[in-house]
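Derivation of every value follows stated rules applied to the coordinates shown; laboratory data play no part. These figures come from a predicted structure and were not determined experimentally. Positions of Cβ are generated from backbone atoms using ideal geometry, with glycine treated the same way; all protein chains shown enter the neighbour counts.
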Amino acid sequence: RHEVLVDRSKSFLDGSLPSGNAVAAEVLLRLGRFTGSGRYTEAAQKTLESHGYPMEKQPFGTAAMINVLEDQLEAPREIVIVGERDETRDLRLAAFAHSQPGEVVIVARQEKTEGEPVEILRGKLSEAPVAYVCQNQTCSAPIAQAETLEELLRGSS
């Protein structure tokens, strides 16, 4: 006599919460951008490709995955602020005052840590607190003044 095996189905569709596949794809996509590792973006791409048919046939049931696809096609803006917490207050307030859906704000301390820096922070360590506005792996020149950051963010909203 054999035991009955439990089979847990994996839904492609969103319910009251986004599907697990959509959440995983979003995390993989962001992790790939943040670290510069192609293995994460490739995994996100494969997940998106496997959901092509459901997204086409049931767009209302796959809204979370469609949002991930949109983020992949047009990367959200990333604001990188480098400096000690107390010294970056004005830059952080400016960044959050003009945030957009899907936008990522990264705040990193100036001190160098052991090992390789996170890819998006490579070459961005400085003596004074600064901000960078990045999109599609391209970043602005360093911005030291909160007012300048606000102007740039307002202009690109």
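Compared with the direct C-alpha span, the chain from Glu42 to Glu74 gains 9.9 nm at full extension, assuming 0.36 nm per residue. Length gained on full extension, Phe60 to Leu17, computed as 0.36 nm times the residue gap minus the Cα-Cα distance: 14.2 nm.
Under a Gaussian network description of the chain, with springs only between Cα atoms under 10 Å, the residue in Leu31, Leu91, Leu73 that fluctuates furthest is Leu73. Computed from the Cβ-Cβ distance with R0 of 35 Å, the FRET efficiency linking Arg89 to Asn67 stands at 0.65.
Looking at the chain, the DSSP beta bridges with both ends there are about 60 percent antiparallel. Mind listing which GluC sites (Glu not before Pro) in the stretch 33-101 are in a DSSP loop and have 14 or fewer other Cβ atoms within 10 Å? Sites meeting the loop and neighbour criteria: Glu74, Glu84.
Taking only the C-alpha atoms, wrap a convex hull around the chain and report its volume per residue in Å³ as a whole number.
Working: hull volume 28.2 nm³, N = 157.
Expressed per residue, the convex hull around the Cα atoms of the chain is 179 Å³.
For a Förster distance of 35 Å, can you work out the FRET efficiency between the beta-carbons of Ala141 and Ala24, rounded to the nearest 0.05?
Values: r = 35 Å, r/R0 = 1.01.
The calculated FRET efficiency here is 0.50.
Find me the longest stretch of the chain that has none of the exposed trypsin sites (Lys or Arg not before Pro), where exposed means in a DSSP loop (not H, G, I, E or B) with at most 15 other Cβ atoms within 10 Å. If you can, show how the numbers build up before the last one.
Values: sites that count: Arg1, Arg8, Lys10, Arg109, Lys112, Arg122.
Maximal segment without exposed cleavage sites: 11-108.
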